[in-house]
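Working notes for the structure below.
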There are 2 protein chains.
Amino acid sequence: MADMNKMVNEITSMDEDFAKWYTDICKKAQLIEYTSVKGCMVIRPYGYAIWENIQRILDGMFKETGHENVCMPMFIPESLLQKEKDHVEGFAPEVAWVTYGGSEKLEERLCVRPTSETLFCEHFKNILQSYRDLPFKYNQWVSVVRWEKTTRPFLRSREFLWQEGHTLHATREEAVEETLQMLDVYARFCSECLAIPVVKGRKTESDKFAGAEATYAIEALMHDGKALQAGTSHFFGDGFCRAFDIQFSDKDNKRQFPFQTSWGMTTRLIGAIIMTHGDDNGLVLPPAVAPIQAVIVPVQQKKEGVLDKAFELCDTLKKAGIRAKVDDTDNSPGWKFAEYEMKGVPVRIEIGPRDIQNNSCVVVTRLNREKNFVAISDIVETVEQKLAEVRDQMYQKALENRENHTYNCSSLEEIVSTLEEKGDGFVKAYWCGDEACEDAVKEKTGVGSRCIDGNVTPTDDKVCVCCGKKAEHLVYWGKAY
Amino acid sequence: MADMNKMVNEITSMDEDFAKWYTDICKKAQLIEYTSVKGCMVIRPYGYAIWENIQRILDGMFKETGHENVCMPMFIPESLLQKEKDHVEGFAPEVAWVTYGGSEKLEERLCVRPTSETLFCEHFKNILQSYRDLPFKYNQWVSVVRWEKTTRPFLRSREFLWQEGHTLHATREEAVEETLQMLDVYARFCSECLAIPVVKGRKTESDKFAGAEATYAIEALMHDGKALQAGTSHFFGDGFCRAFDIQFSDKDNKRQFPFQTSWGMTTRLIGAIIMTHGDDNGLVLPPAVAPIQAVIVPVQQKKEGVLDKAFELCDTLKKAGIRAKVDDTDNSPGWKFAEYEMKGVPVRIEIGPRDIQNNSCVVVTRLNREKNFVAISDIVETVEQKLAEVRDQMYQKALENRENHTYNCSSLEEIVSTLEEKGDGFVKAYWCGDEACEDAVKEKTGVGSRCIDGNVTPTDDKVCVCCGKKAEHLVYWGKAY
């Protein structure tokens, strides 16, 4: 037990230093390792297996909604990046430039894609002829590069993994519908699979994607009361299509500009999982994406029959589609308990000689350490039930945390005093729509606009939290990662 | 039918111009599209779906043999690339260099990974402590960049997709075993899933990977008699580990250098599929990786009940795990037949009003256009059987082609005259092991060494095809892609 305590104690407590607690988990749960490539990291097997599960589920959701995967080059010639003015202004300051191929200087420099709108536009132009070809509903799973100054594992790194959806439609309505559909897919994925409740809404003008007509985002509240943007969906109108001269022949054989969207989620989701569900013992993984859903820890494993029974249990669980594993290493059971708590495995099963005699085993959940004695014949049913329960409990807990840290405020003073008293969180406050007020809120209270609550149309009596003029929007404000 | 012939006629015939036939298929079957990024391409949905199937199967084989996926950065600092002397000499001339991040010049340039041995070495050094940690058996699915002068879709491009396995072992024997095991996995995958017979063997010294102690390859013979290297597996000894000072404590607490391997397969496999199985009507896809395994073409689809029956059939097939699709577009059946032949769909099912009356449908195989009238109740069984048969027939056909174009030669003159008479192919000839002879064979006959036949130990009477001295090896020679 000394060893076990030592390992667990190595994590800084969340209350003491949240940022250090976070990086401790990233390292000690073996999600990542640093490299000599500044701002980039190795995603280790346990971290990458979480990403593989995220990918598999999301990819299925994309395909169900009619999207196909493609793969674009990772390089963008400078002249191509420059075709859409807002886009290049937004991205040029943070791209990595390739200037040499071998020992030869390139005639035109190439940037490593920070995002691929320009490449998709070029491709769309090449393959689009008539309305019969539309819609194009494409996605790709790749990495992108943005030359960030300060970086943190999963949350902000110079290279990160993501998916980027890019679609092209004959009508504005259809493209808007796609933008919102994918925002819904993202929200549903976060809620159902990651047990993370999110707020959905449009970004303000100052905060939208470079080149977009409108940007929508899902925002989640982390354990420390900070907001994390977990996914974005952009409606481009026909702006890029005009810049790239992408046209199609409609039913009357007239040339028209199509309408475009893009949407993305990244490995940042792993950061969101850590900071939404983790505790001072380490990770707490949502069952849907946990690389190991149930770990079997044999007790007195050298006694005859114990390991056999453990592996038999494991096979039974695997056949039922549960990701199960036996840890038969020489470490003590106590060490193993702590290790798999640290790694956030949702369910632990303990089995020893006495359990075997009773045809039972012990099932312990990571989330609340609830302990159950279970008949071996009921193991599949029990584990399935526990995994479902755990997801629901995790979601409820995160939702309560968010609700406890969401404050309705009607003045700048109230924002400041509420945050001081209750800690960081979402502030819901009305806004007139003026960028100057948006900036003033940020400057005077520390919270920036996260997104606009689209479900609320302010009544006439509602006024801007900053200037007191008639309110246009109810806005979620917060400190952002 | 005019339309249909027009489309098919657009492919150059294989005999007329093999290279043009190849690129025609790549474009017209919508596998790829060119871009303004020189030497790079877009992999379109139909091409990418083939790659996804390859990935899924190979990834399963890697995991079954105990490998885990990770993800390394795409950049390698110049100083890291330079740590192993042979390695940097081999790769530096063909890497892309990043020199700017935004508007700032980097202190040290970064290359875009051409392969990731150096990154894995750095990582291994960071995480390896004792023999208990070994082996590390890692893989990653990423793209890599090599600044090629002349490029061709899938076969040679500046960026390509691949997997790279990287493993570290406590003993030389275990690492050698891993190297050969993965070569076997590759050969088995090509044979079973791609219906491509391959020759396995060690590369000569002049042809091995930069930094390796030994390189093994699988080589396939294309339809035009040229050899294609379809996968490689490298044994590094402890060379990289010494260069990077990677050590571990053994059971006696002594510091030891571990032994290393790496192995890779790429999107080039899609090129191999095209050039092994394709014909003048287009692609012929191996069932295991075909995005659509059975396409259902309704005949007189506007007649009542036809489309309903077609979709019912499709559902039945999908439920049985067969990748099926109904084409209910307005194109004529003849157009559709030609389109799915071009796209290499292994099985076509035709169903019209008369078939429905007879409770039957027509099943046609792409490979040999064999036509079967099948009871609708037998459709799953029939399609499964046809898919299995087609794979076997494709393999046999490819094997016969290889055997018809594999020549045993005992003099340089015989090589030249045989190739002239019978066309390009594999030449099996003995070799003394001297690099000068290897070069001379190439210069005088046009064929280079592909790999060494490890199953044959030359008897004393066997002599080098070039110098006449005692033979060390039986070598497969050929013209290479």
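Of note:
- Of all residues in region B:56-66, none are more than 27 Å from residue B:270 (Cβ to Cβ), β-branched (Val, Ile, Thr), over 18 Å from the mean Cα position of the chain (by Cα) and more than 7 Å from chain A (Cβ to nearest Cβ).
- Selection from region A:409-429 of residues that are of a type outside the set (Lys, Arg), under 26 Å from the mean Cα position of the chain (by Cα) and farther than 10 Å from residue A:225 by Cα: A:427, A:429
- Subset of region B:189-214 (residues that are in a strand (DSSP E or B) and out of contact with any helix residue (DSSP H, G or I) (no Cβ under 6 Å at 6 or more places or on another chain)): B:199, B:201, B:202, B:214
So that you can scan it fast, the table gives a plain yes or no per residue for (1) out of contact with any Asp or Glu (no Cβ under 6 Å at 6 or more places or on another chain); (2) in contact (Cβ under 8 Å) with a residue 60 or more places away in the chain; (3) within 10 Å of chain A (Cβ to nearest Cβ):
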position	(1), (2), (3)
B:117	yes, yes, no
B:124	yes, yes, no
B:129	yes, yes, no
B:132	yes, no, yes
B:139	yes, yes, yes
B:149	yes, no, yes
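- Test: residue A:316 is more than 31 Å from the chain's Cα centre (by Cα) and closer than 25 Å to residue A:11 by Cα: no
- Cβ-Cβ distances below 7 Å connect the following pairs, each with a first residue in region B:68-96 that is more than 7 Å from every other protein chain (Cβ to nearest Cβ), a second residue that is surrounded by fewer than 21 Cβ atoms within 10 Å (Cβ to Cβ) and among the basic types (Lys, Arg), and a separation of six or more residues or different chains: B:78/B:109.
- Residue count for region A:233-268 under the criterion of being surrounded by fewer than 22 Cβ atoms within 10 Å (Cβ to Cβ), without any contact (Cβ under 8 Å) to a residue 60 or more places away in the chain and in contact with a Ser or Thr (Cβ under 9 Å, 6 or more places away or on another chain): the result is 2.
- Taking the criterion of being without any contact (Cβ under 8 Å) to a residue 12 or more places away in the chain and surrounded by fewer than 16 Cβ atoms within 10 Å (Cβ to Cβ), the residues of region B:405-435 that qualify are B:413, B:417, B:420, B:421.
- Of all the criteria given as (1) closer than 28 Å to residue A:290 by Cβ; (2) of a type in the set (Asp, Glu); (3) out of contact with any strand residue (DSSP E or B) (no Cβ under 9 Å at 6 or more places or on another chain), the one not satisfied by residue A:420 is (1).
- For the criterion of being among the small types (Gly, Ala, Ser) and either crowded, with 20+ Cβ neighbours inside 10 Å or not assigned by TED's automatic domain parsing to the domain that holds residue B:216 (or both), residue B:271 passes.
- Among all residues of region A:453-469, there is none that is outside any loop (DSSP other than H, G, I, E, B), under 26 Å from residue A:223 (Cβ atoms) and outside the structural domain of residue A:207 (by TED's automatic domain parsing).
- Some residue of region A:117-127 being over 22 Å from the mean Cα position of the chain (by Cα), surrounded by fewer than 17 Cβ atoms within 10 Å (Cβ to Cβ) and of a type in the set (Ser, Thr, Tyr): no
- Condition check for residue A:416: under 30 Å from residue A:50 (Cα atoms) and either β-branched (Val, Ile, Thr) or in the same structural domain as residue A:468 (by TED's automatic domain parsing) (or both): no
- Looking across region B:98-116, just one residue is surrounded by fewer than 23 Cβ atoms within 10 Å (Cβ to Cβ) and among the hydrophobic types (A, V, I, L, M, F, W, C), and that is B:106.
- Near pairs, Cβ below 7 angstrom, 6+ apart or cross-chain, from region B:278-290 (part of a helix (DSSP H, G or I)) to any residue that is among the aliphatic types (A, V, I, L, M): B:287/B:387; B:287/B:390; B:288/B:57; B:289/B:50; B:289/B:54; B:289/B:194
- Boolean, residue A:147 is under 22 Å from residue B:76 (Cα atoms) and either charged (D, E, K, R) or part of a loop (DSSP other than H, G, I, E, B) (or both): yes
The values are calculated or read from the model by the stated rules, or taken from the named source; none is laboratory data. None of these values were measured; they are calculated from a predicted model. Backbone-built Cβ (ideal geometry, glycine too); neighbour counts: all protein chains shown.
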